[in-house]
Amino acid sequence: MGKVSITPTLSLYYEEFGERSNPTIVLIRGTGADSSRWMPQVNIYKQNFNVIIFDNRGAGKSDTPQGPYTVQQMADDTVQLLDKLKIEKCHLSGSSLGGAIALHAALQHPDRVGSLQMHSSWLKTHGYTEFSLNLLKQYLSRGGVDFYYEAALPLLFTPKFLSSDHERLKSILAHMRANAATPEGLMGQIEANLSHDLLDTAKNLRIPTLVTVGESDYLLPVSASQEIVDTIPGAKLVVFKNGPHLVTMESPDEFNAVTLSWMKENCKN
């Protein structure tokens, strides 16, 4: 673990778990999220896979280059990190913006990516997703970073979780704030969200693809995941009943069971 310089102006923080003899799965987080949010998955996956997590540019312990950012840039960051770690081939799994990054990398490097998972993600910012993702920009520009993480909670978790598991919610919010992105980095990632568009090229993907989404995802709803499945040949869709945007955090056991089963079938060396 530690920081790796991938360009003269950008170093990324990463951690690696498991054994290199196992297939490598790279987990990519979403807007303003540091990689430690993946730990409920890492603790399960590492028994069967070599797991790499990292902080995207502008988040966590990674550097914050001047924005705005693009999904293309962040996909390039991911591949350059793999180069530095001497990972020739891997499997990519991304949540929200991380799913968009993973798709971009898979399309550009089909020889290096064996399978793809897109969780609570989307293909193109248009229609409702343009509205919902612009809300994130308004939260940040009007209220600052602390307010952003608090205001976004109703878009990320179910009403039942927000009201009935309040102590756990407070712990999650405290963790988000303690590992917050910089204001510049967060806005840079939000701008990457708003310019995202792979609708016309995603049809060219030819690897096993799993798409999951919460039934009650108010940020990137089921229709956004359905658009992915309708575009990528052979993609499988799993909808978590009553699930939120961050199924990975609210219902990790259910998420882990579904994804680990799929990975054992589709993520090979």
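The values are calculated or read from the model by the stated rules, or taken from the named source; none is laboratory data. Just so it is clear, the structure is predicted and the values come from calculations on it, not from any experiment. Ideal geometry is used to build each Cβ from the backbone, glycine not excepted, and the neighbour counts take in all protein chains shown.
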Name the residues in segment 10-33 that are more than 17 Å from Q117 (Cβ to Cβ), among the polar types (S, T, N, Q) and in contact with a helix residue (DSSP H, G or I) (Cβ under 9 Å, 6 or more places away or on another chain), would you?
T31
Extreme residue, farthest from the chain's Cα centre (by Cα), among residues of segment 1-57 that are among the acidic types (D, E) and part of a loop (DSSP other than H, G, I, E, B):
E19
Does S62 meet the test of being of a type in the set (S, T, N, Q), touching a Lys or Arg at 6+ places or on another chain (Cβ under 8 Å), in contact (Cβ under 8 Å) with a residue 24 or more places away in the chain and within 27 Å of L156 (Cβ to Cβ)?
yes
How many of the residues making up segment 210-225 are closer than 12 Å to L155 by Cα and either in contact with a strand residue (DSSP E or B) (Cβ under 8 Å, 6 or more places away or on another chain) or among the β-branched types (V, I, T) (or both)?
3
Could you give every pair whose Cβ atoms fall below 6 Å, whose first residue belongs to segment 1-30 and is at positive phi and among the small types (G, A, S), and whose second residue is modelled with pLDDT of 95 or more and surrounded by 19 or more Cβ atoms within 10 Å (Cβ to Cβ), counting only separations of at least 6 or pairs across chains?
G18/F49; G18/N50; G18/V51
Say whether the condition of being surrounded by fewer than 19 Cβ atoms within 10 Å (Cβ to Cβ), within 17 Å of A106 (Cβ to Cβ), among the hydroxyl-bearing types (S, T, Y) and at pLDDT 95 or above is met by at least one residue in segment 200-212.
yes
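Just the residues that are polar (S, T, N, Q) and either surrounded by 19 or more Cβ atoms within 10 Å (Cβ to Cβ) or farther than 30 Å from K268 by Cβ (or both), please, taken from segment 36-70.
Q41, N50, N56, S62, T64, Q66, T70
In segment 136-152, what count of residues is obtained for those that are assigned to a helix (DSSP H, G or I) and closer than 21 Å to I101 by Cβ?
Result for segment 136-152: 5.
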